Amino acid sequence: MQDKSVFFTNKKVVYVTAAFCCLLWGSAYPSIKTGYLLFNIAADDIPTQILFAGYRFMLAGLLLLVIGGLSGKPLARLSRRQFGQITLLGLVQTSVQYVFFYIGLAYVSGANGSIINATGTFFSVIMAHFIYKNDRITMNKTLGCLLGFAGVMAVNFNDGLMNFQFSLKGEGMVMLAAFVLSASTIYGKRISQTVEPGIMTGYQLAIGGIVLTVAGYAFGGRLTDFNLMSTLLLAYLVLLSSMAFSLWSTLLKYNRVGMVVPFNFMIPVSGTALSAVMLNEDVFEWKYGVALVLVSVGICLVNWVKKPA
C-alpha cells in the first residue's frame, strides 16, 4: 500500500484534490442559502441558522469518526493535551466561525459571500508574517493583499459606483468568519503534525457541531420542514464538510502551505458560478467580473514564489 506522505505529495494528486475541495466549498454558499429556503429559515432567525449549522457539522464529524473507526484508525489514542487542542480547534474553527458565517450569509448573496470569504487568504498572509520567521510579507504578497481587498470592495458597489454597501450583520460577519478561519487553520496545521488529519477533523467538527446544536436549541431554534429535498440537501452539506475538511487537512499536513493555498481562488469563482445556476442570481454585472479577477490575481500573487536561477 502506497505511503500517504508519498501519495499526497504527488503534484497531480495535490492539484486535483485541492481543486476538488475548493469546488465543494464554493458549492456551500448557494447550498446553504437553498437550505434556508427549503427549511423555511428566516434571515433574522439566528438560533435556527445556528442549529442548521450544528446539524451539518455534528453529523459530518460523526461520519468521519465512524469511517475512521471502521478503517482501524486509533480514535481513542489521544493524550489529554491533544484532545484539549482539538476541542479548542472545534470551538473556534467550527462553532465560532460558522456562527459568524451563517448569520452573515443570510444577509448577502451567495456570490457576494463567496468572494468576501476569500479575504481569509490575506488574513493568513498577515498573521503568518508575525508567526513564522520564514514567511515574511513580500512585495508580491503586499500587492496581492491590496488587489484581493480591492476585489472585496468592488463586489459591494451598486450599479452607480457611488453607494458602497457594507453591513456588519451581512458582509462584516462573513469577513469576520474568514478571519477566524484563517487563525484556526494555522493552529490546525500544527495539530495535524501529531494527530491523523481525518481523526482531528472528525473530532473538531463533531465537537463544534454539538456546541452549535445545543446553542441553537437553547436560544429557541427549531429545524422543521424535513422532506426529501431538504434532507438530501442537508446530507450533501454533511458529505461536503467531511470530505473537504479532511482532504484539505491532509494536504496541509504533507505539503507547503504555499503549494496548496493558491487553489483558494477557485472558491469565489465556483461559488459565484454555482450561485448563478442554483439561485438564479444575476452575476453578469461588471462588478462581479472585476472582483473575481482581482481576488484571483491577488491570491496567485500572494503565493507566487520565484524559482532560483
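Overview of results
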read-out	value
Leu234 surrounded by fewer than 21 Cβ atoms within 10 Å (Cβ to Cβ), closer than 19 Å to Thr94 by Cβ, under 15 Å from the mean Cα position of the chain (by Cα) and at pLDDT 90 or above	no
Failed condition for Ser124, given (1) farther than 24 Å from Ser27 by Cα; (2) open to solvent by 10 Å² or more (accessible area, probe 1.4 Å)	(1)
Pairs where the first residue, in segment 17-41, is in contact (Cβ under 8 Å) with a residue 24 or more places away in the chain and over 14 Å from Gly113 (Cα atoms) and the second is of a type in the set (Val, Ile, Thr) and in a loop (DSSP other than H, G, I, E, B), C-beta under 9 Å, 6+ apart	Gly35/Ile41; Phe39/Thr224; Asn40/Thr224
Counted residues, segment 4-26 - those being assigned to a helix (DSSP H, G or I), touching a Ser or Thr at 6+ places or on another chain (Cβ under 9 Å) and either of a type in the set (A, V, I, L, M, F, W, C) or under 15 Å from Pro197 (Cβ atoms) (or both)	6
Verdict on Leu228 being among the hydrophobic types (A, V, I, L, M, F, W, C) and in contact (Cβ under 8 Å) with a residue 12 or more places away in the chain	no
In segment 200-231, the residues that are open to solvent by 60 Å² or more (accessible area, probe 1.4 Å), touching a helix residue (DSSP H, G or I) at 6+ places or on another chain (Cβ under 9 Å) and of a type outside the set (Val, Ile, Thr)	Tyr217, Ala218, Phe219, Arg222, Asp225, Phe226, Asn227, Met229
Failed item in (1) modelled with pLDDT of 75 or more; (2) surrounded by 19 or more Cβ atoms within 10 Å (Cβ to Cβ); (3) more than 23 Å from Met200 (Cβ to Cβ), with Asn280 passing the rest	(2)
Cβ-Cβ under 6 Å pairs, at least 6 apart or on other chains, segment 157-186 side at pLDDT 80 or above, far side open to solvent by 40 Å² or more (accessible area, probe 1.4 Å) and in a helix (DSSP H, G or I)	Met173/Phe100; Leu176/Phe100; Ala177/Phe100; Val180/Val96; Ser184/Val92
Pick from segment 172-225, criterion of a type in the set (Ser, Thr, Tyr) and part of a helix (DSSP H, G or I), ranking: nearest to Gly54 (Cα to Cα)	Thr213
Leu247 vs. criteria open to solvent by 30 Å² or more (accessible area, probe 1.4 Å), more than 19 Å from Met58 (Cα to Cα) and in a helix (DSSP H, G or I)	no
Subset of segment 192-234 that is in contact with a Phe, Trp or Tyr (Cβ under 6 Å, 6 or more places away or on another chain) and hydroxyl-bearing (Ser, Thr, Tyr) - its residue that is farthest from Ser71 (Cα to Cα)	Ser230
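Condition check ((1) under 18 Å from Met266 (Cβ atoms); (2) open to solvent by less than 10 Å² (accessible area, probe 1.4 Å); (3) modelled with pLDDT of 85 or more; (4) out of contact with any helix residue (DSSP H, G or I) (no Cβ under 6 Å at 6 or more places or on another chain)) across all residues:
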{"position": "Gln82", "(1), (2), (3), (4)": "no, no, yes, yes"}
{"position": "Ile86", "(1), (2), (3), (4)": "no, yes, yes, no"}
{"position": "Gly90", "(1), (2), (3), (4)": "no, yes, yes, no"}
{"position": "Gln97", "(1), (2), (3), (4)": "no, yes, yes, no"}
{"position": "Ile103", "(1), (2), (3), (4)": "no, no, no, no"}
{"position": "Gly110", "(1), (2), (3), (4)": "yes, yes, no, no"}
{"position": "Ile116", "(1), (2), (3), (4)": "yes, yes, no, no"}
{"position": "Thr119", "(1), (2), (3), (4)": "yes, yes, no, no"}
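The values are calculated or read from the model by the stated rules, or taken from the named source; none is laboratory data. This one's a predicted model, so the numbers in the text were calculated from it and none came from an experiment. Methodologically, a virtual Cβ is constructed for each residue, glycine included, from the backbone with ideal geometry; neighbour enumeration extends over all protein chains shown. Note: areas computed on protein heavy atoms with side chains; ligands, DNA, RNA excluded. Shrake-Rupley method; radii C 1.70, N 1.55, O 1.52, S 1.80 Å.
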